[in-house]
1. Answer yes if at least one residue in region 97-114 is in contact with a helix residue (DSSP H, G or I) (Cβ under 8 Å, 6 or more places away or on another chain) and of a type in the set (Phe, Trp, Tyr), and no otherwise.
2. Take residue 141 and tell me if it is within 30 Å of residue 35 (Cβ to Cβ), open to solvent by 30 Å² or more (accessible area, probe 1.4 Å) and modelled with pLDDT of 90 or more.
3. Can you name the residue in region 34-78 that is hydroxyl-bearing (Ser, Thr, Tyr) and closer than 19 Å to residue 141 by Cα and is also modelled with the lowest pLDDT among such residues?
4. Name the residues in region 112-125 that are modelled with pLDDT of 90 or more and open to solvent by less than 70 Å² (accessible area, probe 1.4 Å), would you?
5. If you take just the helices (runs of 4 or more DSSP H) that sit entirely in region 5-107, which of them hold at least 1 residues that are open to solvent by 30 Å² or more (accessible area, probe 1.4 Å) and out of contact with any strand residue (DSSP E or B) (no Cβ under 8 Å at 6 or more places or on another chain)?
6. Tally up the residues in region 55-99 that are in contact (Cβ under 8 Å) with a residue 60 or more places away in the chain and at positive phi, please.
Amino acid sequence: MAQSHREASRRLFEIAEQQQGFFTAKQAKAAGFAENTHPYHVKAGNWVRELRGIYRLALFPWTDRPELVLWALWSRNRNEEIEGVYSHHTVLSFYDLSDLNPAKLHMTVPTSFRRNSEIPGVLVLHYADLPESDVKTVQGFKLTRPLRAILDLIEAAPSSETSSVRRSLKLSAEV
């Protein structure tokens, strides 16, 4: 039994390592942890319950932007595929291309995206079917490429705000 637990722990760590220490209940089950043991691991301090069905390894080192992985995992579909792609202001902030420090995370989800629960207040959802060429995967989450984020912001802004969007970008001849 100790060998199978050690093997399950190793498999779970391999999954969580790709997601900045985060994992889903289904991923833990696939790694070899029975569902009825999840509360035990939380109580024992091995795991931290972050959201319904989403955990973090308690001893995994903190990263710069853990919330990006957390909400990406929140956006997964029934097949455990992450559907949310960070976009708009969030991408510009990630790449340090804007003076803006958005209070909310902007995420583009497919037009078919559905949730049975309320959308968390920290997220602003945009609905679009993005081509793979506009999406990049880094550190356990997806984000649009910077040019796509800029075009999305310009498209989303009323014409009176387009110049302020352009001004907020640090994209100038000096850079």
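1. For region 97-114, residues in contact with a helix residue (DSSP H, G or I) (Cβ under 8 Å, 6 or more places away or on another chain) and of a type in the set (Phe, Trp, Tyr): absent.
2. Spelling it out, it is not the case that residue 141 is within 30 Å of residue 35 (Cβ to Cβ), open to solvent by 30 Å² or more (accessible area, probe 1.4 Å) and modelled with pLDDT of 90 or more.
3. 63
4. 113, 119, 120, 121, 122, 123, 124, 125
5. Filter on region 5-107 gives 25-31, 38-43, 88-94.
6. The number of residues fulfilling the criteria is 2.
The values are calculated or read from the model by the stated rules, or taken from the named source; none is laboratory data. A quick note: this is a predicted structure, and the numbers were derived from the prediction, not measured. Reconstructed Cβ throughout: ideal geometry from the backbone, glycine too, with neighbour counts over all protein chains shown. Each accessible area value is taken on the protein alone, full model and side chains, heavy atoms only, with ligands, DNA and RNA left out. Shrake-Rupley method; radii C 1.70, N 1.55, O 1.52, S 1.80 Å.
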